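See below for the structure under consideration.
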Amino acid sequence: MQLLKIAAPGPRVSDLLSLIRAPAALSVPGDVLAGAAAGGRPAAVRTLGMSASSICLYWGGMALNDYADAAVDAVERPGRPIPSGRVSRRRALAVAGGLTVAGLGLAALAGRRRGLATAVPLAGLVWAYDLALKSTPAGPAAMAGARAMDVLAGTRSVAPAVPAALVVGLHTYTVMTLSRHEIDGAPASVPAATLACSTAVALTAAALPTARVPRLAAAAGVLDYLGCYGLAQARSVRAPSARNIQGAVSEGILGLMPLQAALTAGRGAMVPAVALAAAHPVARRLARRVSPT
């Protein structure tokens, strides 16, 4: 009698959401919105399409990150989807590839050649970071460049969006610098340096607007940014344990949202700025269920 082979069940949706760090994607559309606001009068369809493209590329990068780090995570983070056996390494690579292709396709539909001109190098930086650059001195700069490129993806006119791209890129550099110390903790000098840098980022974001109302709105976003990410780094300066560093990294990832709100409000785009500010506490609550790091 021939035995029937029962196929192994695939991963649960919750496991895939954990693999791609789903809540962290709430920090992505703000890059595109900040770039679109800087370019002036953004087209809604293009902005939504490029935001969706960026989310797909971000999620693909998260899946690729776990694919590349499977051996390390088996020792340092055994609860992650791949080392715990909830998602196979092969499945993670397929998810990464599929989401990257989807992201590029959306960029082509929404932004045509201009959209692909930013989406292709953005995807290249993400894959280069995960597969080759992460553990090298160039790692933080590569990811900072990816985030800066994401801001530029939102605009058809690059020059006006460069200040916002630099602010977001520099913030990202601080987060990636801290993330290298999530397992073993860090010397107090590391969070002290990133705190000084992120303070400079906040002051720059607050100084960019020229009109009074946008300046006040940008200041509110900056205060939220420093109240979350700044305080988390300050705790790490006092006690630079692995737990505090992990907390600072998490706040840094989601702290992009009030920073993006400040940049967007500074250009007079109040509706998306308010939406970003309102989404920030929601993202923080979701992060308690699915870690963004």
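What to note about this one:
- T155 touching a residue at least 40 places away in the same chain (Cβ under 8 Å) and touching a Cys at 6+ places or on another chain (Cβ under 6 Å): no
- Of the criteria (1) free of Cβ contacts under 8 Å to residues at least 40 places away in the same chain; (2) under 18 Å from K134 (Cα atoms); (3) in contact with a Phe, Trp or Tyr (Cβ under 8 Å, 6 or more places away or on another chain), which one A70 fails: (3)
- Residues that are open to solvent by 40 Å² or more (accessible area, probe 1.4 Å) and touching a residue at least 24 places away in the same chain (Cβ under 8 Å), drawn from region 275-293: A277, V282, R284, L286, R289, S291
- Scanning region 176-201 for residues that are in contact (Cβ under 8 Å) with a residue 60 or more places away in the chain and under 21 Å from the mean Cα position of the chain (by Cα) yields L178, S179, H181, E182, I183.
- Which numbered condition T155 misses (of (1) over 21 Å from L254 (Cα atoms); (2) out of contact with any Gly (no Cβ under 6 Å at 6 or more places or on another chain); (3) not charged (D, E, K, R)): (2)
- Helices (runs of 4 or more DSSP H) within region 83-194 that include 2 or more residues open to solvent by 20 Å² or more (accessible area, probe 1.4 Å) and more than 30 Å from G39 (Cβ to Cβ): 89-128
- Neighbours by Cβ (under 7 Å, 6+ apart or cross-chain): first from region 111-139, within 20 Å of I20 (Cα to Cα); second open to solvent by 40 Å² or more (accessible area, probe 1.4 Å) and outside any helix (DSSP H, G or I): none
- Among (1) at pLDDT 95 or above; (2) under 22 Å from the mean Cα position of the chain (by Cα); (3) hydrophobic (A, V, I, L, M, F, W, C) - the single one V87 does not satisfy: (2)
- Of V13, V45, V32, all but one fail to be farther than 24 Å from L93 by Cα and open to solvent by 10 Å² or more (accessible area, probe 1.4 Å); the exception is V45.
The values are calculated or read from the model by the stated rules, or taken from the named source; none is laboratory data. Keep in mind that what you see is a predicted model, and the values were worked out from it rather than measured. Reconstructed Cβ throughout: ideal geometry from the backbone, glycine too, with neighbour counts over all protein chains shown. Calculation scope for accessible area: heavy atoms of the full protein, side chains included, ligands and nucleic acids excluded. Shrake-Rupley method; radii C 1.70, N 1.55, O 1.52, S 1.80 Å.
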